[in-house]
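Here, each number is a calculation from the coordinates, and none is a lab measurement. Model, not experiment: these values are computed from the prediction. In this analysis, Cβ positions are derived from the backbone assuming ideal geometry, glycine residues included, and neighbour counts consider all displayed protein chains.
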Amino acid sequence: MNYAGIGFIAGHELTHGFDDRGKQLNKMGELETWWSPETEIAYTEKAKCIRDQYSSFKSEKLDAHVNGIVTLGENIADNGGLKIAYRAYEKHRGSEKCLPNLAYTPKQLFWISMANVWCTKQREEQTKMELLTSGHTPSIFRVNGVVTNSKDFARDFNCPANSRMNPEKKCTFW
């Protein structure tokens, strides 16, 4: 579960070096265009997918959408961080036993542990303020956004193809 918790956060922070702001800085932290035009074009297309996906997330109760432009860097970092954490987990996990009396596999527990990173209880006013002004996507959309982009999540939970948690269109960045 450490891979899903601290691994996800570490991967998230590492990915910031290549998000919409981090990509503009060279190895010395100075503003520089260092990517090839081809890389920049490919990145922009992938970023547009993330931006549009998160912009479609709406709180019906609050009648407010996620601002996919303002939250782009965090959403890229969430998606990259999760991929890094899951790859590390897969590479180093070894054999695992199921926990007694739990109906979840070790891989499913990875995802549950990752979701717990963003577990929160907020007042509606706070969520609306976050939707309107924050550079961070509210927690429920952060969790659902990254897992719906993951083929691994869909496989580990046997999500039916084209279901809410396993849409056909996934935004894959790395």
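Summary table
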quantity	calculated
Set of aspartates and glutamates with alpha-carbon distance to Lys46 below 18 Å, sequence-local pairs under 8 removed	Asp19, Asp20, Glu38, Glu74, Asp78, Glu168
Cα gyration tensor shape for the range 62-174, rounded if a/c is under 1.5, else prolate or oblate	prolate
Which listed pairs, of Lys58/Lys169; Lys27/Lys48; Lys128/Lys170, have C-alpha distances above 22 Å, in listed order	Lys27/Lys48; Lys128/Lys170
Helix-only [θ]222 nm of the chain, DSSP H runs n ≥ 4, -39500 (n - 2.57) each, per residue, nearest 500	-15500 deg cm²/dmol
Cut-off 14 Å between beta-carbons: net charge of the residues surrounding Tyr104, Lys and Arg +1, Asp and Glu -1	0
Normalised contact order of the chain, rounded percent, pairs of Cα under 8 Å and 6 or more residues apart	29
Nearest-0.05 FRET efficiency for Asn101 and Glu30, computed from C-beta distance (R0 41 Å)	0.15
Protection proxy ranking, peptides 41-48, 117-124, 132-139, average beta carbon neighbours within 10 Å, highest first	132-139, 41-48, 117-124
